């Protein structure tokens, strides 16, 4: 594997022109249907984050069983924009003030996570048989692709990083939402207009603002510009009171899965 990444790594990331642009095969379409059915079943059972956990569990089971699954870059980006826009719509002026209030705690938590990851990296490198740089980026909290790319640029091996990040995210998504529901931990209820789905025209405006934010984030070379940019674009409009509401439920579910 070269410093720029070989074919195996491009496949792992889901990038690469032919891999990303090709149409899914019949078996991969079956996998997509199975993932959608799992999301619907989890939703029916009132499982938290049903349209995330259902497809995740189904796709992981198919992959472990050696069945082909389809990974589309465009679909992933659509999901990132949708989730980013959905989060951004929640950043009202009151929420923004709360974020500013808790900003020192957030910064301290981020620093603590980085230090803790660096401490754990040493035993991981020794027990896992990997170099210290790879272990360090495997332990850093961040996105799968982003941390693997940063690690690759720093001379680390991207495959172990991607595997460790995948396991971390999977465990968090599988454990935390049911635990939060079981412990009855929740924030303030959203009432009034903020909890209502946006009209279709406002939904289009929100997505357009999200895509505008994506363009800005890409120009600024942000990591994960498709989610952060959409969050910034719609979050700015929501904080100014120009957009009040949430994305339609069906659109949010589609982006989540």
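One line per residue, one yes/no per condition, for (1) within 23 Å of the chain's Cα centre (by Cα); (2) buried (at least 17 other Cβ atoms within 10 Å of the Cβ); (3) farther than 29 Å from residue 26 by Cβ:
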site: 62; (1), (2), (3): yes, yes, no
site: 65; (1), (2), (3): no, no, no
site: 81; (1), (2), (3): yes, yes, no
site: 84; (1), (2), (3): yes, yes, yes
site: 99; (1), (2), (3): yes, no, yes
site: 104; (1), (2), (3): no, no, yes
site: 125; (1), (2), (3): no, yes, yes
Pick from the stretch 38-53, criterion over 17 Å from the mean Cα position of the chain (by Cα) and surrounded by fewer than 18 Cβ atoms within 10 Å (Cβ to Cβ), ranking: modelled with the lowest pLDDT: 46
Failed criterion for residue 141 (all others in (1) surrounded by 14 or more Cβ atoms within 10 Å (Cβ to Cβ); (2) modelled with pLDDT under 90; (3) out of contact with any helix residue (DSSP H, G or I) (no Cβ under 7 Å at 6 or more places or on another chain) hold): (3)
Total residues in the stretch 65-99, condition free of Cβ contacts under 8 Å to residues at least 40 places away in the same chain and either within 17 Å of residue 229 (Cβ to Cβ) or assigned to a loop (DSSP other than H, G, I, E, B) (or both): 2
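Taking the stated definitions as given, is residue 185 over 22 Å from residue 60 (Cβ atoms), at pLDDT below 90 and outside any loop (DSSP other than H, G, I, E, B)? Walk me through it before giving the result.
Details: over 22 Å from residue 60 (Cβ atoms): yes; at pLDDT below 90: yes; outside any loop (DSSP other than H, G, I, E, B): no.
No, not satisfied.
Listed residues 161, 114, 175, 130; which is at negative phi and not in a helix (DSSP H, G or I)? Lay out the reasoning, then the answer.
Working: 161 fails: not in a helix (DSSP H, G or I); 114 fails: not in a helix (DSSP H, G or I); 175 fails: not in a helix (DSSP H, G or I).
None of the others qualify; the one that does is 130.
Can you tell me which of 56, 33, 29, 62 is touching a helix residue (DSSP H, G or I) at 6+ places or on another chain (Cβ under 6 Å) and either modelled with pLDDT of 80 or more or in a loop (DSSP other than H, G, I, E, B) (or both)? Spell out the reasoning first.
Numbers: 56 fails: touching a helix residue (DSSP H, G or I) at 6+ places or on another chain (Cβ under 6 Å); 33 fails: touching a helix residue (DSSP H, G or I) at 6+ places or on another chain (Cβ under 6 Å); 29 fails: touching a helix residue (DSSP H, G or I) at 6+ places or on another chain (Cβ under 6 Å).
From the options 56, 33, 29, 62, the qualifying one is 62.
The values are calculated or read from the model by the stated rules, or taken from the named source; none is laboratory data. It should be emphasised that the depicted structure is a prediction, and the values quoted were computed from it without experimental measurement. Neighbour counts are summed over all protein chains in view; Cβ atoms, including those assigned to glycine, are modelled from backbone coordinates with ideal geometry.
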